[in-house]
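Undergrad: Quick one: structure below, then a few questions.
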């Protein structure tokens, strides 16, 4: 056999052809959605100070993720009936309207409505960006385009908190939403003008898979029940709602398994006798247990220690940067090292979570930064290999479902974790208002409460390393 020359991309020619410029525009939807997803953390202290509603902080993240999950599942099916161009315009308008509602919201409940609409529009924009690659660009450049998408996610992940801190400090938190209101409407207008090619206006008419109405409705109900358990906390009411929510999550996976033509997850997604089941358990538990840092850290550090929100933004950005850099550094690891790396990453994540329980109450910025780097780096080295093993271990007929199930499970974990974090935060002090004393108590328990779940994730990672 002779070695084939590596396929190199001529970026200048690609730009001159218009394909790269078009793709940069299409991928703007990913940037808008992901930046808004992470920006909310650093504008949260100013929002809570203006609107009150500290008991609903977890909801701001949970409803956004729920909207994204539903819209992501719907967008890929809608392009069979409505053109890509119309879908893109509609999703961008929806996103802009949601941001506008948030910018003008007089109360926290109205802001939550805007966050849900934002999530629907942003989730659809992300799904449509992937559809656009298949519809609008030659197959030969797909790998390069998907690499750019990964870079866009990385930029948004560490740029969002910084952008939120800068805008909130200079102009106020409402302008943070105002900027994205303008961006959403501008994207809708440009999409209407630019996406005129036949591929973007074509309607296939093909029969798409059935939409998983029952499964997604069950999921939404389960997350909302868990979130409601954290509002007006009382032992019997909150326990009953939380148990009902957990049962609802179990029912969601059961309903999903009974719908073979619209399934979101492979069969037996939590079966530890397989690498797929152990891996999906790891993804779920670590996603649930770590989301509280991104949601509550700015609020805790600013109210408890008076740390500037811009400093907190840098810390959260550092976590994302560690994720990206360590992902690149271990990308070339030989296959025999993949499973030990996954285990090491899982324990790094758990160690970072445990460290937050000590460092955040103490206000020790170097220690907080170290824990953030530890947690982000753990995700960075574990996630790519875990995803590859999960997909590779799935039956051939479920490989496509498995590849999309990993990010779906992560989003579900974030939504559920945000709702559960609200229970812990309100039960340990925030229900009585945002004070230095309540913040100190919350700062400790908010991370310790999720440590057992993170250790379950570590056990799943160890199991994954031993099962072939």
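Undergrad: If packing is taken as the average number of other Cβ atoms within 10 Å across a peptide's residues, how do 189-197, 343-351 rank, most packed first?
TA: Output ranking for 189-197, 343-351: 343-351, 189-197.
Undergrad: Mind checking the alpha-carbon convex hull of the range 115-246 and giving the volume per residue in Å³?
TA: Taking the convex hull of the Cα positions in the range 115-246, it is 176 Å³ per residue.
Undergrad: Okay, next question. Run the simple label-point estimate for residue 250 and residue 175 please: 7 Å along Cα→C-beta, distance reported in nm.
TA: The two pseudo-label positions are separated by 5.1 nm.
Undergrad: Turning to a different aspect of this structure: When the C-alpha atoms of the range 270-468 are aligned to their principal axes, what extent does each axis show, in angstrom, from largest down?
TA: 54, 31, 24
Undergrad: Give me the Kirkwood hydrodynamic radius of the range 15-211, using the inverse of the mean 1/r over all pairs of distinct Cα atoms, in Å to one decimal.
TA: 17.1
Undergrad: Neighbouring Cβ atoms within 10 Å as the yardstick, rank 213, 95, 414, 314 fewest first.
TA: 213, 314, 414, 95
Undergrad: Across 10 Å bins from 0, what is the distribution of all Cα-Cα pair distances for the range 213-258, in whole percents?
TA: 33, 45, 19, 3
Undergrad: Sticking with this structure for a sec: In deg cm²/dmol, rounded to 500, what helix-only [θ] at 222 nm does the chain give when every DSSP H run of at least 4 residues adds -39500 (n - 2.57) and the total is split over its residues?
TA: Calculated at 222 nm, the ellipticity per residue is -27500 deg cm²/dmol.
Undergrad: Between the range 41-56 and the range 179-204, what is the C-alpha centre distance in whole Å?
TA: With the range 41-56 and the range 179-204 each reduced to a Cα centre, they are spaced 33 Å.
Undergrad: Follow-up question, since we're still on this one. Return 27, 324, 234 ranked ascending by Cβ neighbour count within 10 Å, so the fewest neighbours appear first.
TA: 234, 324, 27
Undergrad: If each residue's Cβ is checked for other Cβ atoms within 10 Å, how do 401, 412 rank with the fewest at the top?
TA: Numbers: 401 18, 412 26.
Neighbour counts put them in this order, fewest first: 401, 412.
Undergrad: What is the Cα centroid distance between the range 425-462 and the range 260-298, reported in whole angstrom?
TA: Cα centroid of the range 425-462 versus Cα centroid of the range 260-298: 20 Å apart.
Undergrad: Something else: So how far, in whole Å, is the C-alpha centre of the range 213-255 from the one of the range 388-404?
TA: For the range 213-255 versus the range 388-404, the Cα centre distance is 28 Å.
Undergrad: Just the number, please: Stokes-Einstein D of the chain in µm²/s, Kirkwood Rh from C-alpha pairs, 4 °C, 1.567 mPa s.
TA: Calculated translational D: 57 µm²/s.
Read the figures in this text as sums done on the coordinates, not as results from a lab. Not measured: the values here are computed from a predicted model. In this analysis, Cβ positions are derived from the backbone assuming ideal geometry, glycine residues included, and neighbour counts consider all displayed protein chains.
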